[in-house]
Structures are given as C-alpha cells and as structure tokens.
Amino acid sequence: MTPAARPAWPADGTRLLEPSVSYALRVVLAVTPEILPRPTPCREWDLRMLLRHACESLAAFGEGIEAGRVGLDPAAEDEDLAADPARAFRDRACQLLDAWTGPGHQRPAVDIAGCPLEASLMAAAAALEVAVHGWDISRACGQRQPIPRALAIDLLAIAPVLVPRAGRHPLFAAPAAVAATAGPSDQLAAFLGRSPGPAPTSAR
C-alpha cells in the first residue's frame, strides 16, 4: 500500500501571509463599536472576544519571529486593545507582516515550548489563522466577503497538515457540512468547523 500523498506545501509560508493579512485588513474596516457585541461563527464568542483572541494570536506569531520563541502565557491586554480592538487588530496584523518580511528577521526555526518549528511552517499557520479569522469577522459584520480564491485554495492544501482531523478538539470543531458546489473559501471555513450557512453557529 502506498502512503497518502502529502498536501502541496509552499516553499515560503510568507507568500501566504501577505494576502491573508491584506484580506483581514479589508474586512476589519467594517467593525464599529456598536457591533462589537454581535455573535460570530466562533461559538460563545462575540466580535469583541474574537478580535481580542485574534490580537493575542498575532502577538504570539510576532513574538516568534522577533524573539525566535513563543511563550506559553499570553501578554496582558493593553489599553489599545481594550479601547479599540479593531484598531489593535490592524496594528498587530501590520506589525506581524513587517516582522516576517523585514530585513534581518529571517529565522530558520522558532522555539515553541522547547520544540523548534520551521519558520516557514509558522508563517503558513499564521496565514491560516489570520485568513479564517478574517472570514469570521466578515461574517459577524454582515459582509460575507470570501477569502480570495487563490489564497483559499493554497490554504486548503495545507490545512490538513496544520489542523489534522485527529486531536483538533477543543481548538477546532469537527468539519462542518458544505455543499459540493461551495467555493474554496467556504470549503476552508467548513473544514475548520465553521458553517457557511446564514447564521454564525460554528466553533473556533
């Protein structure tokens, strides 16, 4: 029996990070203070909570490239994040992209709890996180802006490696049902436990 083929893997994960950040920055422009209490596709999270979580993730990825390691404890919430989570998200997303693409910040590996992780793999994980949470934000804002097709196709190829079906709970729900005719954006969201239907009902 021959082993299953491994999904295609980008030579440089940073190639996926830039369009992911660009997409997320576009959708977050629709966030206003009035809609922060709205529900999101992430179960039990409103939009404010989702943005706070996304900012923590962005900070962790940024720490990885800047310091070469990621700590286990999240940083304390700063005043900017508490006062304006959408602006904090934009700022941290831009900082992350600058860190990954700026000169002098190329690292072969990042230490996570004592385990080295290939930097390109971490960049791909960051791209997946940013793009899918951009999809969540878009849904919560009532925009329904899909993840760009080419980006979604690339992320679909690597998602099974980054989020295997075994051991994904509680970070991700089981894959959701999706129509065979669904586009790659909805297919990616469904693989990560989001329902592409009208109501935000899935889990992160």
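Quick one: pull the percent of accessible area on the range 112-157 belonging to carbon and sulfur, 1.4 Å probe, ligands and nucleic acids left out. Answer for the range 112-157: carbon and sulfur cover 61 percent of the accessible area.
Is the C-alpha gyration tensor of the range 82-172 telling us rounded, prolate or oblate? Criteria: a/c under 1.5 is rounded; beyond that, a/b larger than b/c is prolate, otherwise oblate.
oblate
Extension gain, residue 111 to residue 166: 0.36 nm times the residue separation minus the Cα-Cα distance gives 17.4 nm.
The values are calculated or read from the model by the stated rules, or taken from the named source; none is laboratory data. In this text, all values refer to a predicted model and were calculated from it rather than measured experimentally. For accessibility, only protein heavy atoms count, side chains too; no ligands or nucleic acids. Shrake-Rupley method; radii C 1.70, N 1.55, O 1.52, S 1.80 Å.
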